[in-house]
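Single-structure report; data block below.
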Amino acid sequence: MIRELTEAFFGDESPLRDDANGHDFKYEPRPQQVQMALAVAEAIDDGESLCVEAPTGIGKTFAYLVPAYFRAKSTGKPVIISTHTISLQDQIISKDIPLLEKFLGETIKAEVAKGRSNYICLRKLNQIADMDQTLLDMDNYEQDMNRILKWTNKAKCSGDCAELDKPVSQLFWNSICCERGNCLNNQCVFFSSCYLQNARWRVAKAQIICANHAFFFAAMAMDDKIAAQNNPRQKERERLLPEPVAVVIDEGHTLEDAAANHLGLKADTITIKKLLNRLYSEERKTGLLSHIDFEDMRELVITARRQATLFFNALINWLEPQQKNPLRYTVPNHIENYLNASFGKLASELDKLAEKLEDLELKTEIKCLIDAIEEQNYALNTFFAMSLANYVYWFEIFGRDKDEISFNCIPVDIAPILQQRLFLKPPVIVTSATLAVNNDIRYFQEKIGATQARSLILDTPFDFKAQVQAHIARNMPDPQNLDAFLDHAEVHLKHFLTLTEGRTFVLFTSYRMMNQLAARLEEFFLQEKLVLIQQGDGLPTLKMIEKFKTTERAVIFGTASFWTGVDVPGDALSSVIIMRLPFANPDHPLERARAEKTQNAGKNAFFDYTVPEAVLKFRQGFGRLIRTKDDKGIVVILDSRILFKRYGKTFLNSIPECPVSFID
C-alpha cells in the first residue's frame, strides 16, 4: 500500500511535476531518490528494517519523508525521525515538510521533540523572581531576567530556549528550566500554560516527530528505567516519546557512538558539587535547606561535601602523575566509592524529611535532588566495582583548570543492545551518505546490530570526474615523525592556499598538529592576507562556518567536528586538505576496548576495526567539498600512507572516482 502511494507521488503524474502549485521549486527527476523512496516504502510495507547509503544530492529526506508520512497517515500513529545535527532537524521541519504539504495539498502534523531542559518552568521562574537577589550566585541576573520576562510575555512564546535571540547564562537557565522529577504536573498552578506540557501534547498528536539522536536514545534509556519499575501508568505518563509505527535514523554514521553514550552511565564531579550546592551552600548560606529548621540536614550536606572534596582531590592527585587522559580503569574495586555511605545516608534522611513536609513545591524539589544524588552514586558504585559486563570504564579530567573528573561506563558493543531495543521493532530505516567500506555495507550493519536489515547503496548524482581533482602527496614523512611531517606539510599548504586564495577546510586529527602548523603559518597568512579561523579559539562550530562563508580568503583549521555534518555549498569552499588519514587514537579506552573485542572474536583488530572506522571518517571528510552539482574544487591528501600501505586501497576504493595527480 505505501509502495503504491509512494510510486504514484514520484511517478509521471506526480505533483512534483506540476508547476501550477505556485511554489518556488523546480523539480529535477533523480532516479536515486525514487529508488530509495520505493525501497523505504517496501521495507515499511513488509515490516522490515533497511540501511541505505544515500550520497549527498539525491534528496534523501524527501525519499524517506514521503513513505513515512503515508505510513503515519494510514495507521494514525507517528513516525519518528532522528537526526544528529540540529541543522538537518530544522531543514526537515522548516523546509521539507512545508514543501511536502504544498505538493500533497494536506496539512502534516509535524513536531520537534526535545528534552525538558530546553523549556522554561513557569513555577521556577516565578520562584526565582521572588527571591532576594543577594542570595543568588549569578552574574547578569537582572539582565537575564528582563530578557526572559520580555520573551515570555510574547503571545507566541513556546518557552523553548532555541527561540531566544541571545542566550542567557547557563547558570540562570538551569535555575528556571524544567527538570525531571521536579514537576508538580496537574497540581501546579501553571499546569494549563506549561510550555513543556503543551510541547509534549503537540508531540503526542503529531504524525511526524523529529528528534536528535541524544534525545531519541535518552528516551530509550528512560523507557528501560520505567519498565524496570513495572508501573504501566507511570510508563504512559513519563515516557518521552510515543510508540512509533516506524523509525528513521538519518545521519546514521553517528548512530553507534550516540547510542553508546546515552545508554551508558556517567557521573562527574561538577554535577555532584552542583547537587550539594542546591541543597545547601555553606559559603553563601543558600539552598533548599537554608531555612533554620533544617540544621541537622545541613550538617549532612556539609559532611558529604567535605568528603567529596577530599575524595576528588585524592583522585586528581592519583591521576595526574600517570599522564594519561583519559585513563582506563581496569581492576574492579581497586578504588572504593568513598562517598557511598555519606551519599546513602544523605538520600535516606532527605527522603524522611520530604515525607514530613507539607510544602508540595519544596517536597518535589527535594525528591528531585534525592533521585539525582542516587543516580550519581549508583554510577560511581557501578564504575568502581565495574559491575556491568562488556562495558569499558575510564576517568577523564576536564574543566578550564583541569580539576574536574568524569567517570564513564560505556557499552563496548552496542550491537546486541540495539538489536533488542531498536531493530526488533521494525521497520527502522537507517540512512547516511557514508555507511559503506569498500562498497560493502555489512561492517556498518554488524556494528549497530542490524544484520537482518535489508541494504541499499545508491550511486552519486554528481559527476566527480568533472567536479573534483584529487592531489595526493607521495613523498611525505610518516605523520608519527611530526617535525619532519610538518616541514613538508607547511610547503604544500602554502602552495595550495595561495592557489585557491583561501576558501579551504584543512582537516586535522589532533589539536597538537593543528596548533603547531597554525603557528608556523602565522606570518604566511598575514603576507597573503588570508584569514585563519581556527577551532579552539573560542568560536563554536556554527559561528566558525558563518564567518567562513562571509569572509574573503578564509581558511578553517578544524578537527573532529569539521570532518562530518558541515555543509558549505558554492564558491566559498573550493578546497579540502586532509592532513592525515583519520585513524582514531588507539589509546582511548573505548577504542582500545573495541579493538580488543574484535581481536577476541578471532579477527584482526587493525584491519577489521581500526581501518574501517577510519575509512568511514575519511569519506565524510572527502565529502565536505561537493555539496551540489555545481560545486567544483580540489581535495588534497597529505598522508602518503594511502599510496604505500596495504590498507591504502581500501580508502581509495571507498571514494568516488575522480582525476588524481601526485605531488612531491
Practice task
Return the pairs, sorted by first residue and then second, in which the second residue is at pLDDT 95 or above and polar (S, T, N, Q), the first residue lies in segment 1-18 and is in a helix (DSSP H, G or I) and buried (at least 16 other Cβ atoms within 10 Å of the Cβ), the beta carbons are less than 8 Å apart, and the residues are 6+ apart or on different chains.
Solution key: 2/74
Completion exercise
Expected single match for surrounded by fewer than 18 Cβ atoms within 10 Å (Cβ to Cβ) and either within 19 Å of the chain's Cα centre (by Cα) or aromatic (Phe, Trp, Tyr) (or both) among 607, 622, 562 is 607
Exercise for the section: Can you tell me which residue within segment 268-277, out of those that are open to solvent by 10 Å² or more (accessible area, probe 1.4 Å) and assigned to a helix (DSSP H, G or I), is farthest from residue 378 (Cα to Cα)? Expected result: 277
Handout entry: Count - residues of segment 489-516 that are open to solvent by less than 10 Å² (accessible area, probe 1.4 Å) and under 15 Å from residue 562 (Cβ atoms)
Key = 7
Problem - Top-ranked residue in segment 278-307 [being out of contact with any helix residue (DSSP H, G or I) (no Cβ under 8 Å at 6 or more places or on another chain) and under 27 Å from residue 382 (Cβ atoms); ranked as most open to solvent (accessible area, probe 1.4 Å)] - result: 306
Practice task
Considering every residue within segment 479-488, establish whether at least one is under 25 Å from residue 252 (Cβ atoms), surrounded by fewer than 19 Cβ atoms within 10 Å (Cβ to Cβ) and not aliphatic (A, V, I, L, M).
Solution key: no
Completion exercise
Of the listed residues (148, 108), the one being buried (at least 18 other Cβ atoms within 10 Å of the Cβ) and either within 29 Å of the chain's Cα centre (by Cα) or over 30 Å from residue 220 (Cβ atoms) (or both) is 148
Exercise for the section: Could you tell me which of the residues 57, 76 is out of contact with any Gly (no Cβ under 6 Å at 6 or more places or on another chain), more than 25 Å from residue 218 (Cβ to Cβ) and open to solvent by 50 Å² or more (accessible area, probe 1.4 Å)? Expected result: 76
Fill in the blank from the handout: When restricted to 158, 175, the only residue closer than 25 Å to residue 88 by Cα, in contact with a helix residue (DSSP H, G or I) (Cβ under 9 Å, 6 or more places away or on another chain) and in contact (Cβ under 8 Å) with a residue 24 or more places away in the chain is 158
Handout entry: Selection within segment 193-207 - assigned to a helix (DSSP H, G or I), in contact with a helix residue (DSSP H, G or I) (Cβ under 9 Å, 6 or more places away or on another chain) and either open to solvent by less than 20 Å² (accessible area, probe 1.4 Å) or of a type in the set (Gly, Ala, Ser) (or both)
Key = 193, 196, 199
Practice task
Run down 78, 15, 98 and say which single residue is farther than 27 Å from residue 620 by Cβ and touching a Phe, Trp or Tyr at 6+ places or on another chain (Cβ under 6 Å).
Solution key: 15
Practice task
Among residues belonging to segment 565-604 that are exposed (fewer than 15 other Cβ atoms within 10 Å of the Cβ) and outside any loop (DSSP other than H, G, I, E, B), point out the one that is nearest to the chain's Cα centre (by Cα).
Solution key: 596
Handout entry: Of the criteria (1) open to solvent by 50 Å² or more (accessible area, probe 1.4 Å); (2) out of contact with any strand residue (DSSP E or B) (no Cβ under 7 Å at 6 or more places or on another chain); (3) part of a helix (DSSP H, G or I); (4) touching a residue at least 60 places away in the same chain (Cβ under 8 Å), which one residue 103 fails
Key = (1)
Fill in the blank from the handout: The residue that is nearest to residue 209 (Cα to Cα), considering only those in segment 236-267 that are part of a loop (DSSP other than H, G, I, E, B), among the hydrophobic types (A, V, I, L, M, F, W, C) and in contact with a strand residue (DSSP E or B) (Cβ under 8 Å, 6 or more places away or on another chain), is 241
Problem - Matching option when the condition is at pLDDT 90 or above, among the hydrophobic types (A, V, I, L, M, F, W, C) and open to solvent by less than 70 Å² (accessible area, probe 1.4 Å), among 128, 81 - result: 81
Problem - Condition check for residue 413: within 30 Å of residue 648 (Cα to Cα) and part of a loop (DSSP other than H, G, I, E, B) - result: yes
Exercise for the section: Identify, from the list 364, 330, 382, the residue that is in contact with a Cys (Cβ under 6 Å, 6 or more places away or on another chain), touching a residue at least 40 places away in the same chain (Cβ under 8 Å) and either under 19 Å from residue 264 (Cα atoms) or surrounded by 18 or more Cβ atoms within 10 Å (Cβ to Cβ) (or both). Expected result: 382
Completion exercise
If you go through 92, 44, the only one that is of a type outside the set (D, E, K, R), within 23 Å of the chain's Cα centre (by Cα) and at pLDDT 95 or above is 92
Practice task
Name the residue, out of 124, 150, 77, 95, that is in a helix (DSSP H, G or I) and either in contact (Cβ under 8 Å) with a residue 24 or more places away in the chain or in contact with a helix residue (DSSP H, G or I) (Cβ under 7 Å, 6 or more places away or on another chain) (or both).
Solution key: 124
Practice task
State yes or no: is residue 631 part of a loop (DSSP other than H, G, I, E, B) and either open to solvent by less than 50 Å² (accessible area, probe 1.4 Å) or closer than 16 Å to residue 460 by Cα (or both)?
Solution key: yes
Practice task
Mind listing just one residue for me: the one in segment 152-187 that is acidic (Asp, Glu) and surrounded by 15 or more Cβ atoms within 10 Å (Cβ to Cβ) and, of those, nearest to residue 202 (Cα to Cα)?
Solution key: 160
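The values are calculated or read from the model by the stated rules, or taken from the named source; none is laboratory data. Note that the coordinates shown come from a computational prediction; the quantities given were computed from them, not determined experimentally. Cβ atoms come from the backbone with ideal geometry, glycine included; neighbour counts cover every protein chain shown. Heavy atoms of the whole protein, side chains included, go into the accessibility calculation; ligands, DNA and RNA do not. Shrake-Rupley method; radii C 1.70, N 1.55, O 1.52, S 1.80 Å.
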